[in-house]
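This report concerns only the one structure given below.
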Amino acid sequence: TFKLFFMLKIIFFSGLAVVNINVFSQQLLHIKNNASLLQQNGCTMKIEGGATLDNGSKLTNNGIINIVAKNDNATADFIDSSAVPYNYGTGKIVFSGNANNQNIYTPDTSERIDIDNSAGVTLLNNLKTKKLYLKNGAVTTGSNKVIITSTASDAIEEDISNAHFTSSWVNGKIRRYVNPATVNNYKFPVGSALNPQLAELDSLNTNPLTGVTYIDTYFGEKQGNDHGLNVEEDGAAYISVDSGGVWYITPDAEPSGGSY
């Protein structure tokens, strides 16, 4: 175990590296095939540029990795080409910046992902994490989704500066694993490229949904037209659906009971 304090343009790991590391102002992290990088608890790695993990490499992150997109960098992406998925460790990966969008491709599962890039991030495949912490910038999923593996209510959490997810949300689809018998509320901070459209499932404990493992949610265009629509709720009649869009909330299986 050793400690590094230095400035580099490029770092290549080509052997086993077990490190207690604090690295600043580096331009690129590249972990090569058959190489392993271990970052210990309490340590922070700041990468002012992109990070690439070859197939056959391994990253164990029990601290903080901050990948920063700066004005002078063309990219600050995170690309992991691992063929066999694994868990990164107990630490968190932060995507931050204010100028360039960051691309994320990884088949592996994170303990926590923080989004703090006003230019946003874009998913190139499904992103799996136990916790998603949103501070600044939209997460654009395209045909992919953010998958939250924890069933905790706060597995998606907004920063104090991101009240009601107005500064950071998911432009696309969220999959949340749920446990309605013990968790009363789940938030789905979905929306469009320009605006958040927060959806919530509330009052789950009163009559818990059964037969449901996860729920997919996104905000999209309204389908069809309003011909024949006649719905009442608490005495209010609805004869049209707002053209701005609707929420699509889909469980993995038809609920066998319960309500929300």
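The set of residues in segment 108-126 that are assigned to a strand (DSSP E or B) and in contact with a Gly (Cβ under 8 Å, 6 or more places away or on another chain) comprises 111, 112, 115, 116, 117, 121, 122, 123.
Counting only strands (runs of 3 or more DSSP E) that fall entirely inside segment 164-210 and contain at least 2 residues that are touching a residue at least 40 places away in the same chain (Cβ under 8 Å), the qualifying elements are 170-177, 199-201.
Inside segment 68-103, residues that are in contact with a Ser or Thr (Cβ under 7 Å, 6 or more places away or on another chain), under 16 Å from residue 116 (Cα atoms) and β-branched (Val, Ile, Thr) make up a count of 2. So is residue 22 at pLDDT below 95 and open to solvent by 10 Å² or more (accessible area, probe 1.4 Å) or not? Against the criterion (at pLDDT below 95 and open to solvent by 10 Å² or more (accessible area, probe 1.4 Å)), residue 22 qualifies. Across segment 215-252, the number of residues qualifying as surrounded by 10 or more Cβ atoms within 10 Å (Cβ to Cβ) and either at pLDDT 95 or above or not in a loop (DSSP other than H, G, I, E, B) (or both) comes to 14.
Identify the single condition in (1) surrounded by fewer than 19 Cβ atoms within 10 Å (Cβ to Cβ); (2) more than 18 Å from residue 49 (Cβ to Cβ); (3) without any contact (Cβ under 8 Å) to a residue 40 or more places away in the chain that residue 109 does not satisfy, given that it satisfies every other one. Of everything listed in (1) surrounded by fewer than 19 Cβ atoms within 10 Å (Cβ to Cβ); (2) more than 18 Å from residue 49 (Cβ to Cβ); (3) without any contact (Cβ under 8 Å) to a residue 40 or more places away in the chain, residue 109 misses just condition (3).
When the residues of segment 38-48 are filtered to those that are assigned to a strand (DSSP E or B) and under 24 Å from residue 97 (Cα atoms), which remaining residue is most open to solvent (accessible area, probe 1.4 Å)? The extreme case among them is 46. Of the residues in segment 49-56, not one is assigned to a loop (DSSP other than H, G, I, E, B), open to solvent by less than 50 Å² (accessible area, probe 1.4 Å) and among the hydrophobic types (A, V, I, L, M, F, W, C).
Taking the conditions (1) open to solvent by 50 Å² or more (accessible area, probe 1.4 Å); (2) under 27 Å from residue 246 (Cβ atoms) in turn, residue 160 satisfies each one other than (2).
The values are calculated or read from the model by the stated rules, or taken from the named source; none is laboratory data. These numbers were taken from a predicted model, which means no experiment stands behind them. Positions of Cβ are backbone-derived with ideal geometry, glycine not excepted, and every protein chain shown enters the neighbour counts. Areas reflect the complete protein model, heavy atoms only, side chains present, ligands, DNA and RNA absent. Shrake-Rupley method; radii C 1.70, N 1.55, O 1.52, S 1.80 Å.
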